[in-house]
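Student: The following block contains the structure, expressed as structure tokens.
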Amino acid sequence: MQNKLIPVILTAALTSVMTLFAVSHFQHNVPYFAAAETRHNALPSFTSEGTMPANAGAANFELAAQNSVKAVVHVKTTTNARAVMADGNDMFSQLFGQRQYLIPSQMGSGSGVVISPDGYIVTNNHVVADANEVTVTFNDRYTTQAKVVATDPATDIAVLKVEEKNLPFMEFANSDDVKLGQWVLAVGYPFSLDATVTAGIVSAKGRSIGINKERSASAIESFIQTDAAVNPGNSGGALVNTSGQIIGITSAIASPTGSYAGYSYAIPANIVRKDVNDLVKYGSVQRGYMGIQYVDEATATPDMVSKLGLDKSDGVYVMEVKPNSGAAKAGIQKGDFITHIDGQPVNNRSEVDGQIARFQPGDNISVGYLRNGKASTTTVQLTNLNLGTDIMKAETPSVFLGATFRPLNDEEKAKYNIPGGVMLTDLGKGVLSKQTQMHRGFVITGINNAVVSTINDVEQVIAGNTNIQIAGFYPGSAGMYYYGLNNVDAFGGEQ
């Protein structure tokens, strides 16, 4: 019996040895555990049809990064020192007279993007707000002065101009095509470093974080949210796709410390492009309105959500429709749910605002809505705030006291809760510049104890007066400020 088993055992052993030899000889290039750097597609991705896309390899940012840094500039600002008077209504001022404070000069830093070869640059409004001087530094270290063409606090956009030609510039992409999970680059000058490129993905669209509401009563926020690292100094820089096109302008970060903590926010390219065109052509953004008040599920109370059925319908609930507005004429009613704007789905107030912000008064847009569960579509002609379709150009500044001023617009009056006022737009080189440290953005509300609401009011009060006291405020600062002028005439000369 043992003799019979020996051949079987030998045969089995020989078979095992030959099998091991064959495996090691013919399959030595196929390890069981692949090295991380060789497993390019460890988790394959699929298209909606269930097949692997042809470009399933890793994203390559090299060309986009090389081109972007040539067109992204370092924006530096200087705000002059100024003397201000404290509010004269406190007890100390009544006993000892008004106190004067000196606010030292300030330096600021941000980023910008060249968008035309002849020197137009887009950045954030908050980067250049109140600055007395703006300079831009290119990637090759060349530095030149820039002029602030116009700004829009509602979207936090500003346009600068430099007197240079044949500049490297970037083109805008269609931000409606941006997808969640898409790879993006953030390019800018954080912490005043040289041009810096970081990468991330789009983590959300149509986000509102409330930051623009601090600057404008009609703020528009429909941010692209990304996890690309952004820090102070990146503001005004470019959010770029892998083709090297602008899909957004960086505007804010969400952080408890002031530095990057996971998320950053960019103004969509479609809004930026429209704003820039308006600011260059008209001096102000031509904002279109449907004439609708909304209820957003994100801010609605639980009782409202239940009562209005916000949790059972897509879109944005229409709370009120302004009479004679474009929406009213198009047949939209209270209780409708707006679901699409110009073919793009909208699910919250921010997305509605973001879509409408691409159009101007007089434009006709397609609006999809639900009424009693039935889907319908109508055409709405957008209007301006006055329910007209006229282009509303920026006010031509008036010159007096050697400086230029403009009246407050309706939006600013509502925001500051005042009937009127006159804002300083350029300090000039006259008596205001020589005798005070007033700076751009100051709002005059009174002169020599007389209330002033318009340019005409100011001119009438200062006419014939050689000694005047100007009262007003700086938007965003507490208290009133007072400036005294002596021996002056209405044209800014000293007598």
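The values are calculated or read from the model by the stated rules, or taken from the named source; none is laboratory data. Computed from a prediction, not measured in an experiment: that's the story for all the values here. Cβ placement follows ideal geometry from the backbone for every residue including glycine, while neighbour counts extend to all protein chains displayed.
Student: Please give the number of the condition TYR282 fails out of (1) out of contact with any Phe, Trp or Tyr (no Cβ under 6 Å at 6 or more places or on another chain); (2) modelled with pLDDT of 90 or more; (3) closer than 18 Å to ARG358 by Cβ.
Tutor: So the condition that TYR282 fails would be (2).
Student: Using beta carbons and a limit of 7 Å, which pairs, at least six apart or on different chains, have the first residue in region 106-122 and outside any strand (DSSP E or B) and the second one surrounded by fewer than 15 Cβ atoms within 10 Å (Cβ to Cβ)?
Tutor: Between residues of region 106-122 that are outside any strand (DSSP E or B) and residues that are surrounded by fewer than 15 Cβ atoms within 10 Å (Cβ to Cβ), the close pairs are PRO117/LYS165; PRO117/ASN166; ASP118/LYS165; GLY119/GLU163.
Student: Moving on. Which residue is surrounded by the most Cβ atoms within 10 Å (Cβ to Cβ), if the candidates are limited to region 208-239 and must be of a type in the set (D, E, K, R) and at pLDDT below 90?
Tutor: Result: GLU221.
Student: For region 165-199, name all the residues that are touching a residue at least 60 places away in the same chain (Cβ under 8 Å), of a type in the set (Gly, Ala, Ser) and surrounded by fewer than 18 Cβ atoms within 10 Å (Cβ to Cβ).
Tutor: Result: SER192, single match.
Student: Also: Among ASP353, ASP390, ASP363, which is of a type in the set (Asp, Glu) and without any contact (Cβ under 8 Å) to a residue 60 or more places away in the chain?
Tutor: Details: ASP353 fails: without any contact (Cβ under 8 Å) to a residue 60 or more places away in the chain; ASP363 fails: without any contact (Cβ under 8 Å) to a residue 60 or more places away in the chain.
Only one candidate qualifies: ASP390.
Student: I've got another one for you. Can you find even one residue in region 296-310 that is surrounded by 22 or more Cβ atoms within 10 Å (Cβ to Cβ) and aliphatic (A, V, I, L, M)?
Tutor: We begin by selecting, within region 296-310, every residue surrounded by 22 or more Cβ atoms within 10 Å (Cβ to Cβ); these are none.
Within region 296-310, not a single residue is surrounded by 22 or more Cβ atoms within 10 Å (Cβ to Cβ) and aliphatic (A, V, I, L, M).
Student: A further question follows. Which one of SER105, SER111, SER68 is among the hydroxyl-bearing types (Ser, Thr, Tyr) and at pLDDT below 85?
Tutor: Numbers: SER111 fails: at pLDDT below 85; SER68 fails: at pLDDT below 85.
SER105 is the lone residue from the list that is among the hydroxyl-bearing types (Ser, Thr, Tyr) and at pLDDT below 85.
Student: Okay, moving on. Might you let me know whether region 291-310 holds any residue that is part of a loop (DSSP other than H, G, I, E, B) and modelled with pLDDT of 90 or more?
Tutor: Yes, region 291-310 has at least one match.
Student: Which number in (1) out of contact with any Ser or Thr (no Cβ under 8 Å at 6 or more places or on another chain); (2) modelled with pLDDT of 90 or more; (3) within 30 Å of VAL184 (Cα to Cα); (4) charged (D, E, K, R) marks the one condition that LYS334 misses?
Tutor: Only one criterion is unmet by LYS334, namely (3).
Student: While we're looking at this one, here's another question. Quick check: anything in region 164-178 out of contact with any Lys or Arg (no Cβ under 7 Å at 6 or more places or on another chain), over 30 Å from PRO475 (Cβ atoms) and of a type in the set (S, T, N, Q)?
Tutor: The answer is yes, given that some residue of region 164-178 is out of contact with any Lys or Arg (no Cβ under 7 Å at 6 or more places or on another chain), over 30 Å from PRO475 (Cβ atoms) and of a type in the set (S, T, N, Q).
Student: Just checking: which of the strands (runs of 3 or more DSSP E) contained wholly in region 348-462 hold 1 or more residues that are among the small types (Gly, Ala, Ser) and under 28 Å from TYR482 (Cβ atoms)?
Tutor: Ranges flagged: 398-400, 403-407, 443-447.
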